[in-house]
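The values are calculated or read from the model by the stated rules, or taken from the named source; none is laboratory data. Keep in mind that what you see is a predicted model, and the values were worked out from it rather than measured. Note: ideal-geometry Cβ built from the backbone for every residue, glycine included; neighbour counts use all protein chains shown.
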Amino acid sequence: MDLGNVASLSHFLPELLLTAGVLLLVIVDLILRNKTPLGDIALIIAAGALVLIAIEPVRRGDWLFHRMLVFDAFGFFFRVLIALAAVVAVWMSIGSVEVRRCDQGEYYAILLASTLGMFLMAEAANLLMAYLALEFVSLTSYVLTGFLRRNRRSQEAALKYLIYGGVASGTMVYGMSWIFGLTGALDFGAINRALTAPGHLPALTVFISLVLILAGLGYKIASVPFHMWAPDVYTGAPIPVTTFLAVGSKAAGFALLTRFFYPAISRLGADGSWQALAGVDWPQLLLIVCVITMTLGNLAALQQTNMKRLLAYSSIAQAGYALMGIVVLTDDGVRAMLFYMFAYYLMDAGAFLVVMIVANATGREDMDAYRGLAWRGGAVPAVALTIFLLSLTGIPATIGFIGKFYVFAAVIRSRFYILAVIGILNSTVSLYYYMAPVRMMFLEEPRGDEIAIGFEPWTYGLMGVLACATIALGLYWTPIIAFADRSMHFFMGPS
Amino acid sequence: MSHPLTLITFVPLIGMALILLCPKGYESLIRWIAAAATVPQLAIAGWLYANFDTTTTAMQFVERRAWIPAYHIFYFLGVDGISISMVLLTAIICFISVFASFSIERGERGYYALLMLLDTGMMGVFVALDFFLFYIFWEVMLLPMYFLIGIWGGPRREYAAIKFFLYTLLGSVLILLAMLGLYYYGATPSFDMVELARNAGHYSMAFQRVAWIALFIGFAIKIPAFPFHTWLPDAHVEAPTAISVILAGVLLKMGTYGILRVNYSILPAASHEFAFWLLGVIGVINIVYGALCAMAQTDYKKLIAYSSVSHMGYVMLGMAAMTEAGINGAVLQMFNHGTITAMLFLLVGVIYDRAHHREISGFGGLAAQMPAYAALTGFAFFAAMGLPGLSAFISEVLVLIGAWPRYPVMTMLGAGTAILTAGYMLWTFQRIYLGPLNDKYRNLGDLTLREAFTLVPLAIIVLILGVYPHAVLDLLGPSLNHVNRVVLMAHAPAVAAVTP
């Protein structure tokens, strides 16, 4: 159904809650002298948004706000994922020493605003909306990245992020203008109709505009060649923000990218299979991007000695693995990508959480701070980090392995043998750097002058949940794959 | 007994949980929990042996339950003749290795917990009949092995541990790809190894070749076959004694087991095609090259490691022969290699624990000081050389008899290497145990009761199988001959010339 402004509101409750939450936080911040409850309020609101999303049944799908947004199963999956990422980010922020030192009112307000932007990205069904949502997320991310005002690295990261972001989104909006010029439409359904209509298709023009749009999307998911900001931003930002960018922002980017490349500009055959438009070989382009992204991410990570930087390059590589699911242009691929994003959420958030626990205690993020961690009271975080890193490598029995399994299954089924071989070689290479912190924590002896890691129930609780989920869902993942299965449906208008 | 295979696989995990629950300061309790966890395993293995039906080729003690139905993944366990011999071997070696671990004096809780996890992984590989489950167990082993070498190993342990991990992971991801190919391109999507083997004819020859090579590399790294063997000497030299025992005793067999279970059973036509070059020739290279390398070593443990590479070559040669004698000899050799090499590594550990080095030239005349130790070493060395009356003689001779009609030149090379083997073994024995005693070692004590307890059972097995090999051969016969027939049938015309 094509819903109008008022009728749409009933499907827009989580977003409304977030908006109200942002305002509430700003007001409460003005009233309260003790800032501790702000984090709790933000957590309740983020969790509330998650609950509101979860309880609303997804029907076949609707257009909202005169085809600005779309409410469908695919968007549902990513909204759940982004809300989960927001909950983890707020939870981490409450336990973070870094965040406690800054202006918490604005911090949480902007964090929730960013979440709102990501929701909109996941639901956008209109080029204009997509661009605005993406810019909204970018702007809030710039501020969050530079939130450690007295930290020069944080400042530098924010500036770098801003400049790259400006260039990328400028390129993207230029590409969008080409699409608009070609089709005379902004909403994805109309674009799809115009492009798939019989008649002459200016294939080269469409292809160039896709390349331009890919700049903005590639920047959000940190794929080559728009990945350069990620290592600096991930290193400079406060750790909860890094987590949110790595998990939430990337998921939102994947949502928009998939929605644009599948229902907007690909042809859906009568048998439910997808085909790229004749002459517009974007899968080939994305294939190259995907291969270079994972290879470069993994090779660059080999040299890193700062944990946040290592995880930054790793997250670039992980985006490459998830892209393999999009490249094959099949439902299997989309399902694998969805599953992978969920797995990535668990393991990457978990890894950053352990980095934060160590940073909280020692104030350090370099690998040397992990020396002999298991032998000096930090055995629990050491084991948890090992689980997350093994999951990122793709070793059974973790959810990361199952994610890779589905991705490779989709790739093999579509007979992209070379891609599969490159993928597994990358997995093997990645083992080397994922094991580097493990080696440091277990195989090295502590020197004796390290600061002990104390027990923090708040952060340890979350860490336990994430670690257990990583293993348990690696052994029995039917609920997640069923969820991904249900979420493969794009609403493309009533047919 | 219901669910014997589930029990035998997961009993060590119960031990692992108990070990992790043990409070600090109860190190000796942890040891005995670990030991106690391997006893029921051994008992179940014995029960399986007693109740195994040696007249059928069907899978026995089968357990099958849906696990992830949407992807046709089952929790599917079962054993046939090939796997039951490996289950027996695993149970024996794990039991022995726990006692061999008693000299570990640091981080016992982690050590024994990982050892138990390793035990479950190994047992799982041999009883899993669902390819996906097999793969999970296959990979689950890597991590404990990495830590066991990396934390409790020798001076270059970090290098050895990551090298082992990287090599084997590369192999296993290739297996993963081949597994997915088998799943999608088969008659029906399935991970069920029995069903895949039944529908083997469905795969195109081109696919069979690619998948065969991928699987072969994955398994060959584990064997380890030339040129993928370079991780092994490092891993062995750095690993603590008990881990070397497990590595040589069980882990290496997974490579050859995988080739029989997957390559031979599911891709018979490609197996027939590649057997000569990739199994036969590489097997002979393993035999000769391993023996030559062993001859050049100055480190006692490295010497044993290369001799292990050399002896695994016979397994490959026997499999390549694709005759009844060859393939039976190959699997018997897997079993015998497991017991004999385990003994050899235990013996190296004994002297290393006392002298804290392994330089062959640093010893001499130990026979006078440690007579029981020298006697057992002599026994193990003669067993490794293939002295008639001891187990390896039977299996190596079977391999050579089996290989002779097909590959006479390679058989001669393999048989001739026995002289090299005898050469380096006797020379080593002479340098370490005979001659004048080094004054430094005048106060070394002979075998302790614990050490004798780990060595003597293996020696007895070696002796029994030397005289009565049918104790194991009877288990193997039907299943192996079935696999062999499958491979031969895949290439019927080529067979006529070979088998009368």
Q.
Within the range A:235-246, does at least one residue satisfy the condition of being of a type outside the set (Val, Ile, Thr) and more than 22 Å from A:Ile110 (Cβ to Cβ)?
A. no
Q: All but one of (1) within 11 Å of chain B (Cβ to nearest Cβ); (2) assigned to a helix (DSSP H, G or I); (3) surrounded by fewer than 19 Cβ atoms within 10 Å (Cβ to Cβ) hold for A:Asp368, so report the exception by its number.
A: (1)
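Go through the range A:134-160 and report how many residues are part of a helix (DSSP H, G or I) and without any contact (Cβ under 8 Å) to a residue 24 or more places away in the chain. First the steps, then the outcome.
At the first step, the residues of the range A:134-160 found to be part of a helix (DSSP H, G or I) are A:134-145, A:152-160.
From what is left, the residues that are without any contact (Cβ under 8 Å) to a residue 24 or more places away in the chain are A:136, A:139, A:142, A:152, A:159.
The number of residues fulfilling the criteria is 5.
Does the range A:130-164 hold any residues that are of a type outside the set (A, V, I, L, M, F, W, C), surrounded by fewer than 17 Cβ atoms within 10 Å (Cβ to Cβ) and more than 14 Å from A:Tyr234 (Cβ to Cβ), and which are they?
Kept after step one, since they are of a type outside the set (A, V, I, L, M, F, W, C), are these residues of the range A:130-164: A:131, A:135, A:138, A:140-142, A:145-146, A:149-156, A:160-161, A:164.
Then keep just the ones that are surrounded by fewer than 17 Cβ atoms within 10 Å (Cβ to Cβ); that gives A:149-150, A:152-153, A:155-156.
Within the range A:130-164, A:Arg149, A:Arg150, A:Arg152, A:Gln155 qualify.
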Q) Can you tell me which residue in the range A:407-418 is nearest to A:Asn298 (Cα to Cα), limited to those that are more than 9 Å from chain B (Cβ to nearest Cβ) and crowded, with 22+ Cβ neighbours inside 10 Å? A) A:Val407
Q: Using the structure shown, decide if A:Ala467 is at pLDDT 95 or above and either within 8 Å of chain B (Cβ to nearest Cβ) or crowded, with 23+ Cβ neighbours inside 10 Å (or both).
A: yes
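Taking the condition in contact with a helix residue (DSSP H, G or I) (Cβ under 6 Å, 6 or more places away or on another chain), at the interface with chain B (Cβ under 10 Å from one of its Cβ atoms) and surrounded by fewer than 24 Cβ atoms within 10 Å (Cβ to Cβ), does A:Leu443 pass? It would help to see each step written out before you state the result.
Values: in contact with a helix residue (DSSP H, G or I) (Cβ under 6 Å, 6 or more places away or on another chain): yes; at the interface with chain B (Cβ under 10 Å from one of its Cβ atoms): yes; surrounded by fewer than 24 Cβ atoms within 10 Å (Cβ to Cβ): yes.
Answer is yes for this residue.
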Q. Quick check: is even one residue across the range A:259-273 surrounded by 23 or more Cβ atoms within 10 Å (Cβ to Cβ), among the basic types (Lys, Arg) and out of contact with any Pro (no Cβ under 6 Å at 6 or more places or on another chain)?
A. yes
Q: Pick out the one residue from A:Ala472, A:Ala482 that is part of a helix (DSSP H, G or I), more than 9 Å from chain B (Cβ to nearest Cβ), surrounded by fewer than 16 Cβ atoms within 10 Å (Cβ to Cβ) and without any contact (Cβ under 8 Å) to a residue 40 or more places away in the chain.
A: A:Ala472
Q: Go over the candidates B:Gly290, B:Gly280 one by one and state the one that is farther than 27 Å from B:Leu196 by Cα and in a helix (DSSP H, G or I).
A: B:Gly290
Q.
Here are the criteria: (1) of a type outside the set (Gly, Ala, Ser); (2) at the interface with another protein chain (Cβ under 10 Å from one of its Cβ atoms); (3) crowded, with 21+ Cβ neighbours inside 10 Å; (4) out of contact with any Ser or Thr (no Cβ under 8 Å at 6 or more places or on another chain). Tell me which single one B:Trp138 does not satisfy.
A. (4)
Q: Name, by its number, the condition in (1) surrounded by 24 or more Cβ atoms within 10 Å (Cβ to Cβ); (2) over 30 Å from A:Leu81 (Cα atoms) that does not hold for A:Ala351.
A: (2)
Q) Name the pairs whose Cβ atoms lie under 9 Å apart, with the first residue in the range B:13-36 and in contact (Cβ under 8 Å) with a residue 60 or more places away in the chain, the second loosely packed, with under 13 Cβ neighbours inside 10 Å, and 6 or more positions between them or separate chains? A) B:Glu27/B:Glu105
Q: Would you check which residues across the range B:312-346 are surrounded by fewer than 24 Cβ atoms within 10 Å (Cβ to Cβ) and not polar (S, T, N, Q) and list them?
A: B:Glu324, B:Ala325
(Q) For the range A:428-437, give me the residue count where each residue is surrounded by 23 or more Cβ atoms within 10 Å (Cβ to Cβ) and either facing chain B (nearest Cβ under 9 Å) or closer than 18 Å to A:Gly333 by Cα (or both). (A) 2
Q. Where in the range B:413-500 are there helices (runs of 4 or more DSSP H), lying fully within it, with 1 or more residues that are at pLDDT below 85?
A. B:470-489, B:492-496
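Name every residue in the range B:158-188 that is of a type in the set (Phe, Trp, Tyr) and either in contact (Cβ under 8 Å) with a residue 24 or more places away in the chain or more than 7 Å from every other protein chain (Cβ to nearest Cβ) (or both), in order of residue number. Can you show your working first?
So in the range B:158-188, the residues of a type in the set (Phe, Trp, Tyr) come out as B:159, B:164-165, B:167, B:183-185.
B:Tyr159, B:Phe164, B:Tyr167, B:Tyr183, B:Tyr185 - these are the residues of the range B:158-188 that are of a type in the set (Phe, Trp, Tyr) and either in contact (Cβ under 8 Å) with a residue 24 or more places away in the chain or more than 7 Å from every other protein chain (Cβ to nearest Cβ) (or both).
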